1. What do you reckon, is Arg100 within 14 Å of the ligand (Cβ to nearest atom) and touching an Asp or Glu at 6+ places or on another chain (Cβ under 9 Å)?
2. Could you check the stretch 100-122 and list, in sequence order, the residues that are more than 18 Å from Leu134 (Cβ to Cβ) and exposed (fewer than 14 other Cβ atoms within 10 Å of the Cβ)?
3. Go through (1) more than 18 Å from Gly94 (Cβ to Cβ); (2) crowded, with 16+ Cβ neighbours inside 10 Å; (3) away from the ligand (no atom under 12 Å from the Cβ) for Glu27 and report which single condition fails.
4. As an exercise: evaluate Arg213 against (1) in contact (Cβ under 8 Å) with a residue 40 or more places away in the chain; (2) surrounded by fewer than 18 Cβ atoms within 10 Å (Cβ to Cβ); (3) outside any loop (DSSP other than H, G, I, E, B); (4) of a type outside the set (A, V, I, L, M) and give the number of the one condition it does not meet.
5. Of the residues that make up the stretch 49-59, is at least one buried (at least 16 other Cβ atoms within 10 Å of the Cβ), free of Cβ contacts under 8 Å to residues at least 40 places away in the same chain and either over 21 Å from Leu21 (Cβ atoms) or in contact with a His (Cβ under 8 Å, 6 or more places away or on another chain) (or both)?
6. Can you pull out every residue in the stretch 47-86 that is touching an Asp or Glu at 6+ places or on another chain (Cβ under 8 Å) and either among the aromatic types (Phe, Trp, Tyr) or within 12 Å of the ligand (Cβ to nearest atom) (or both)?
7. I'm trying to understand the selection: among the residues of the stretch 54-89, which are in contact with a strand residue (DSSP E or B) (Cβ under 8 Å, 6 or more places away or on another chain), under 29 Å from Ser117 (Cβ atoms) and among the hydrophobic types (A, V, I, L, M, F, W, C)?
8. Find the residue count for the stretch 155-192, including only residues that are in a helix (DSSP H, G or I), of a type in the set (Val, Ile, Thr) and loosely packed, with under 11 Cβ neighbours inside 10 Å.
Amino acid sequence: MTETVLILGGTKEAAALAAELVRDHPEWRVITSLAGRTKEPHPLAGEVRIGGFGGADGLAAYLRAERITRLIDATHPFARCISTNARLAAQHAGVPLEVRARPPWARQPGDIWIEVSSLEEARDAIPAGARVLLALGSQHIAPFAERADVHFLVRMIDPPETPLALPDHELLIGRPGRTAQDEVAVLSAHAITHIVCRNSGGSGAYAKIEAARQLGLPVIMRVMDAS
Ligand code: NAP
């Protein structure tokens, strides 16, 4: 039976899934949806649509209009709104939903993790005088503006649209390094003493965790709360 599949994407895993479905089922229509946060996303197999749907109702309307037969939520684990919308829209439109949730990273011997459950806790866990790699999206930076006693290296895929409010920072524009060696080079070149990031699981952003382990650097790790 032919299928029309909508993948809610924005992750490496979603891209791999699109490639696999297109390869294995050339007769299917495979559409990946992106929020549009990244200016130049990596090329994807199949069709791509970009931008929000307009909430759960908008997504339900899209599912009906495009006659979607399978909805797959392969979004980032910290992207909560779209996953809620996917659940509601799938129910309303009567489309089966599959959730591809990736497990969080597990602590390995040698990891020095300080686990926190909010950005504010992460901010308060940084010691004075630290040099921090802040590996968070631009929308999560504001709470750190209070830490004038800390130097931040802020890594972003695209330059921010407005200057960051952090008193002492430098920008590193680009994607995370692919290997631990790449990340060791970045951390060493900037004399980084701590990393602040989220436990988002998956392989795409893991190299910095391996690099921190190799260098013995503490990682202030935001974990997913249960809410
Ligand atoms: P979010 O808070 O769950 O979503 C906010 C709004 O963005 C949604 O209500 C929806 O708008 C739109 N949206 C989100 N994902 C979409 C998608 N795949 N296709 C179309 N519209 C989408 O999500 P977020 O944390 O801003 O993340 C946005 C996207 O970036 C996600 O697709 C996620 O997979 C990817 N991403 C997120 C992170 C992260 O740290 N959160 C990291 C890497 C990649 P409407 O209500 O108008 O439909």
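1. On the way: within 14 Å of the ligand (Cβ to nearest atom): yes; touching an Asp or Glu at 6+ places or on another chain (Cβ under 9 Å): yes.
Judged against the criteria, Arg100 is a match.
2. Of everything in the stretch 100-122, those that are more than 18 Å from Leu134 (Cβ to Cβ) and exposed (fewer than 14 other Cβ atoms within 10 Å of the Cβ) turn out to be Ala101, Pro103, Ala106, Gln108, Pro109, Gly110.
3. Evaluating Glu27 over (1) more than 18 Å from Gly94 (Cβ to Cβ); (2) crowded, with 16+ Cβ neighbours inside 10 Å; (3) away from the ligand (no atom under 12 Å from the Cβ) leaves (2) as the failure.
4. In the conditions (1) in contact (Cβ under 8 Å) with a residue 40 or more places away in the chain; (2) surrounded by fewer than 18 Cβ atoms within 10 Å (Cβ to Cβ); (3) outside any loop (DSSP other than H, G, I, E, B); (4) of a type outside the set (A, V, I, L, M), Arg213 misses (2) alone.
5. Just the residues of the stretch 49-59 that are buried (at least 16 other Cβ atoms within 10 Å of the Cβ), to begin with: 53, 56, 59.
Among the residues that remain, those that are also free of Cβ contacts under 8 Å to residues at least 40 places away in the same chain are: 53, 56, 59.
After this cut, where a residue has to be either over 21 Å from Leu21 (Cβ atoms) or in contact with a His (Cβ under 8 Å, 6 or more places away or on another chain) (or both) as well, the list is 56.
Yes: the stretch 49-59 contains one or more residues that are buried (at least 16 other Cβ atoms within 10 Å of the Cβ), free of Cβ contacts under 8 Å to residues at least 40 places away in the same chain and either over 21 Å from Leu21 (Cβ atoms) or in contact with a His (Cβ under 8 Å, 6 or more places away or on another chain) (or both).
6. In the first step, residues of the stretch 47-86 are kept if they are touching an Asp or Glu at 6+ places or on another chain (Cβ under 8 Å); the result is 69-74, 82-83, 86.
Answer for the stretch 47-86, where residues must be touching an Asp or Glu at 6+ places or on another chain (Cβ under 8 Å) and either among the aromatic types (Phe, Trp, Tyr) or within 12 Å of the ligand (Cβ to nearest atom) (or both): Leu71, Ile72, Asp73, Ala74, Ile82, Ser83, Ala86.
7. We begin by selecting, within the stretch 54-89, every residue in contact with a strand residue (DSSP E or B) (Cβ under 8 Å, 6 or more places away or on another chain); these are 62-63, 66-75, 78, 82-83, 86-87, 89.
After this cut, where a residue has to be under 29 Å from Ser117 (Cβ atoms) as well, the list is 72-75, 78, 82-83, 86-87, 89.
Residues satisfying the conditions are Ile72, Ala74, Phe78, Ile82, Ala86, Ala89.
8. Keep residues of the stretch 155-192 that are in a helix (DSSP H, G or I), which gives 180-189.
With of a type in the set (Val, Ile, Thr) added as a condition, the list becomes 184, 186.
Adding the requirement that they be loosely packed, with under 11 Cβ neighbours inside 10 Å leaves none.
Of the residues in the stretch 155-192, 0 are in a helix (DSSP H, G or I), of a type in the set (Val, Ile, Thr) and loosely packed, with under 11 Cβ neighbours inside 10 Å.
The values are calculated or read from the model by the stated rules, or taken from the named source; none is laboratory data. All values reported here derive from a predicted model rather than from experimental measurement. Glycine also receives a Cβ, built like all others from the backbone with ideal geometry; neighbour counts cover every protein chain displayed.
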